[in-house]
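The block underneath contains the structure these notes are about, expressed in C-alpha cells.
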Amino acid sequence: MRVILALAVLVLGSTGGEIAITHGMKATGEPAKLRPRALLQFLARAVCNGWFWMGLPLMALSFYSLLILLSWEPISLVIPTSALSYVVGTFGGKYILGEDVSVARWVGVVLVCAGVALVAAG
Amino acid sequence: MASERRLRIKTLIMVLAMVVCANVGDLLLKHGMSHIGAVVLTGHGIVQAFRLTVTNGIIWTGIFFLLGFMVSYMTVLSWADYSYVMPAGAFGYAVLTFLAVIFLHESVSPRRWIGVVLICVGVLLVGQTKPRTTGVPSEAVA
C-alpha cells in the first residue's frame with residue numbers, strides 16, 4: 001500500500017510538473033543555438049517564467065518520492081513502474097497542451113505501457 | 001524537408017542526452033540510497049534520511065547527472081511535443097536494464113526482457129511521428 005501511494009505521488013507529481021514546465025518552455029522559446037552560451041541565455045529566460053516555478057515543486061515532490069521508493073525496491077522495478085506517467089502524460093499533452101496525438105503515437109504509447117506492465121510484473 | 005530533418009535530428013540528440021543523464025543519475029541514486037538503507041516513514045525517520053542523503057557524495061553525483069537531464073529536457077521541450085519527448089525517452093529502459101544487470105547485478109527475467117522489447121518498439125513508433133505539432137515558438141526562427 002505504501003509503495004502504491006508513493007508511486008501515485010511520483011507519477012502525478014512528475015506529470016503535473018512536466019506539463020507546467022513544458023508550457024513554460026514553449027512560452028520561453030527554443031535556444032538560438034545548442035552552444036553553452038546560448039543554452040545559458042535560454043536557461044536564464046526559462047527561470048524567469050512563472051510556469052517553471054509552478055512545475056518545479058511538483059517535480060521536487062516526485063523526486064523525493066523516487067528516493068524513498070529506491071530505498072524500498074530494486075531500481076529495475078521502480079523506474080519501469082513509474083513509467084505509468086507515459087499514459088497520464090500523453091493525455092495531458094493532448095488535452096492540456098493541445099498537442100496533436102496521432103494514431104501512431106497512441107499505438108506507440110500503448111506498446112510502451114504494455115511493455116511497462118510486463119517489466120513491472122517481472 | 002531540410003528543416004523537418006534538422007528538427008528530428010536535434011530532437012533525437014537531446015533525447016539521447018536525456019536518457020544517458022537520467023539513467024546514470026538513477027543508478028547513482030540507487031547506489032547511494034542502498035548505503036543509507038530503507039527510509040522509515042516517521043517524522044524522525046524522514047529527517048534522518050534527508051540528513052544522510054544531503055551528505056552523501058554519490059547522491060550528489062547522481063543529482064549532478066539529473067541536473068544534466070533537466071537541462072536537456074527543458075531544452076528539447078522548448079521546441080518538441082511533450083507527448084513525443086516523453087515516450088521517445090523510454091528507450092532508456094533498455095539502457096537501464098543493461099546497467100542494472102551489469103553494475104547492480106540484478107537478475108532480469110525473460111518476461112522483463114520482452115517488456116523492454118515492447119517498449120523499444122513503441123518508442124520507434126512514436127519516433128516516426130512529427131516531433132512538433134503545436135505552433136512554432138517565437139525564438140525558433142532566430
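The values are calculated or read from the model by the stated rules, or taken from the named source; none is laboratory data. Treat the numbers as computed from the prediction; the structure is a model and nothing was measured. Quick reminder, even Gly has a Cβ in these numbers, built from the backbone with ideal geometry, and neighbours come from all protein chains shown. Quick note on the areas: whole protein, heavy atoms, side chains included, nothing else; ligands and nucleic acids left out. Shrake-Rupley method; radii C 1.70, N 1.55, O 1.52, S 1.80 Å.
Tell me which residues, restricted to the range A:31-46, are within 24 Å of the chain's Cα centre (by Cα) and aliphatic (A, V, I, L, M). Matches in the range A:31-46: A:LEU34, A:LEU39, A:LEU40, A:LEU43, A:ALA44, A:ALA46. Cβ-Cβ distances below 7 Å connect the following pairs, each with a first residue in the range B:44-70 that is more than 20 Å from B:MET14 (Cβ to Cβ), a second residue that is open to solvent by less than 30 Å² (accessible area, probe 1.4 Å) and of a type outside the set (A, V, I, L, M), and a separation of six or more residues or different chains: B:ASN56/B:GLY32; B:ILE58/B:GLY32; B:ILE59/B:GLY32; B:ILE59/B:THR53; B:GLY62/B:GLY25; B:GLY62/B:GLY32. Within the option set B:HIS105, B:HIS35, being over 30 Å from A:THR28 (Cα atoms), more than 7 Å from chain A (Cβ to nearest Cβ) and part of a loop (DSSP other than H, G, I, E, B) holds for one residue only, B:HIS105. Does B:VAL121 satisfy the condition of being surrounded by fewer than 23 Cβ atoms within 10 Å (Cβ to Cβ) and either over 16 Å from the mean Cα position of the chain (by Cα) or outside any loop (DSSP other than H, G, I, E, B) (or both)? Yes.
Tell me, yes or no, whether the range B:82-96 has at least one residue that is modelled with pLDDT of 85 or more and open to solvent by 30 Å² or more (accessible area, probe 1.4 Å). Checking the range B:82-96: not a single residue is modelled with pLDDT of 85 or more and open to solvent by 30 Å² or more (accessible area, probe 1.4 Å).
In the range A:22-35, the residue that is farthest from the other protein chains (Cβ to nearest Cβ) out of those that are out of contact with any Ser or Thr (no Cβ under 7 Å at 6 or more places or on another chain) and open to solvent by less than 10 Å² (accessible area, probe 1.4 Å) is A:GLY24.
Which residues, taken from the range B:20-32, are at the interface with another protein chain (Cβ under 10 Å from one of its Cβ atoms) and either outside any helix (DSSP H, G or I) or of a type in the set (A, V, I, L, M, F, W, C) (or both)? It would help to see each step written out before you state the result.
Within the range B:20-32, the first condition is being at the interface with another protein chain (Cβ under 10 Å from one of its Cβ atoms), and the residues that meet it are B:22-23, B:26-27, B:29-32.
Listed by number, the residues that qualify are B:ALA22, B:LEU27, B:LEU29.
The numbered conditions (1) open to solvent by 50 Å² or more (accessible area, probe 1.4 Å); (2) over 30 Å from B:ILE114 (Cα atoms); (3) within 10 Å of another protein chain (Cβ to nearest Cβ) are all true for A:ARG2 except (2).
Let's see how each residue does on (1) more than 8 Å from chain B (Cβ to nearest Cβ); (2) open to solvent by less than 80 Å² (accessible area, probe 1.4 Å); (3) free of Cβ contacts under 8 Å to residues at least 40 places away in the same chain; (4) assigned to a helix (DSSP H, G or I):
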position: A:ALA6; (1), (2), (3), (4): yes, yes, no, yes
position: A:VAL11; (1), (2), (3), (4): yes, yes, no, yes
position: A:SER14; (1), (2), (3), (4): yes, yes, no, yes
position: A:ALA20; (1), (2), (3), (4): yes, yes, yes, yes
position: A:LEU40; (1), (2), (3), (4): yes, no, yes, yes
position: A:TRP53; (1), (2), (3), (4): yes, no, yes, yes
